[in-house]
Amino acid sequence: MTYSSADRVYDEVKELILTCDLPGGEMISEGEVATRFEVSRTPVREAFLRLAAEGWMRLYPKRGALIVPIGEGEARDVLDARVLLETHAMESVSGDTVAIAALVGRLEDNLSQHRLVDPADASEFARLDAEFHQLIVAAGRNGLLADFYVSLGERHRRMTAERLRHDPGITERIVADHADLAQVVGAADAARFASLLTAHLTGVHGTDGSAA
């Protein structure tokens, strides 16, 4: 399949949204984006339509596109879903010592990378944060849930990037929480994992949703 100009604009604008380089509430125009990426307005319009269909932006004829902010309800729903999926994966793998050992190794590798990232690099820090949690879900060996969690991970990345921009010091809390979660994974303690995960998500994202 050919990678078109519209595909490139879609990918790059979406990445700017996920990293909060295009923050929620900001208006952008087709002309601005066309100039930035040195393309005509046609591929920009196509990319905007895709992003609007996915809920990342809202289009206003002759005015441009509004980057949709992260709503309180969306944040709560994302965290609820994350708790359910990660806890299910942990319960599924907790009886398999070989799988647990392999997962702990992958989580520790992620933590090693995480500790080396400049906290000012919100984009890379948020990517590694999302990867840590995706590793847990992937270990549950349910392909459908893992694929769903990857798509959910885009909203996760954006929420983390936004949190880092408001409170760069939260990086220390995130890494410390991840180290605790990796230790509990190693102990194959699914109940304790669920409790720590809920406390982690609540503390980092500041929501008191039903599950997180």
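The values are calculated or read from the model by the stated rules, or taken from the named source; none is laboratory data. Quick caveat, the model's predicted, so the values are computed rather than measured. Neighbour counts run over all protein chains shown; Cβ positions are idealised from the backbone, glycine included.
Taking every residue in the range 182-202 that is more than 20 Å from Gln134 (Cβ to Cβ) and pairing it with any residue that is modelled with pLDDT of 95 or more, at least 6 positions away or on another chain, the pairs with Cβ-Cβ distances below 7 Å are Arg192/Val184.
Conditions (1) under 27 Å from Ala146 (Cβ atoms); (2) among the aliphatic types (A, V, I, L, M); (3) assigned by TED's automatic domain parsing to the domain that holds Ile136, marked per residue:
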position	(1), (2), (3)
Leu18	yes, yes, no
Val33	no, yes, no
Val39	no, yes, no
Arg50	yes, no, no
Lys62	no, no, no
Ser92	yes, no, yes
Val98	yes, yes, yes
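Taking the range 14-26 as the range and being touching a helix residue (DSSP H, G or I) at 6+ places or on another chain (Cβ under 6 Å) and either on the phi > 0 side of the Ramachandran plot or hydrophobic (A, V, I, L, M, F, W, C) (or both) as the test, the residues that pass are Leu18, Cys20, Leu22.
Exactly one residue out of Asp129, Asp109 is surrounded by 22 or more Cβ atoms within 10 Å (Cβ to Cβ) and acidic (Asp, Glu), and it is Asp129.
Whether a residue is within 29 Å of Arg192 (Cα to Cα) and surrounded by fewer than 16 Cβ atoms within 10 Å (Cβ to Cβ) was assessed, and Gly95 passes this test. Before we move on, is Leu85 touching a Phe, Trp or Tyr at 6+ places or on another chain (Cβ under 6 Å), touching a residue at least 40 places away in the same chain (Cβ under 8 Å) and assigned to a helix (DSSP H, G or I)? Yes, satisfied.
Of all residue pairs spaced 6 or more apart or on separate chains, those with beta-carbon atoms under 6 Å, a first member in the range 20-42 that is farther than 23 Å from Glu162 by Cβ and free of Cβ contacts under 8 Å to residues at least 40 places away in the same chain and a second member that is of a type in the set (Ser, Thr, Tyr) and assigned to a helix (DSSP H, G or I) are Val39/Ser5. Filtered by the rule that a residue be modelled with pLDDT of 85 or more and either aliphatic (A, V, I, L, M) or closer than 18 Å to Val78 by Cβ (or both), the range 166-175 gives Ile170, Ile174, Val175.
Checking Asp80, Asp147 one by one, the residue that is within 15 Å of the chain's Cα centre (by Cα), over 22 Å from Ala199 (Cβ atoms) and either assigned to a helix (DSSP H, G or I) or small (Gly, Ala, Ser) (or both) is Asp147 and no other. Filtering the range 115-132 for residues that are in contact with a Phe, Trp or Tyr (Cβ under 8 Å, 6 or more places away or on another chain), under 21 Å from Lys14 (Cβ atoms) and in contact (Cβ under 8 Å) with a residue 40 or more places away in the chain leaves an empty set.
No other residue among Arg165, Arg141, Arg173, Arg158 is basic (Lys, Arg), in contact with a helix residue (DSSP H, G or I) (Cβ under 9 Å, 6 or more places away or on another chain) and not in a helix (DSSP H, G or I) apart from Arg141.
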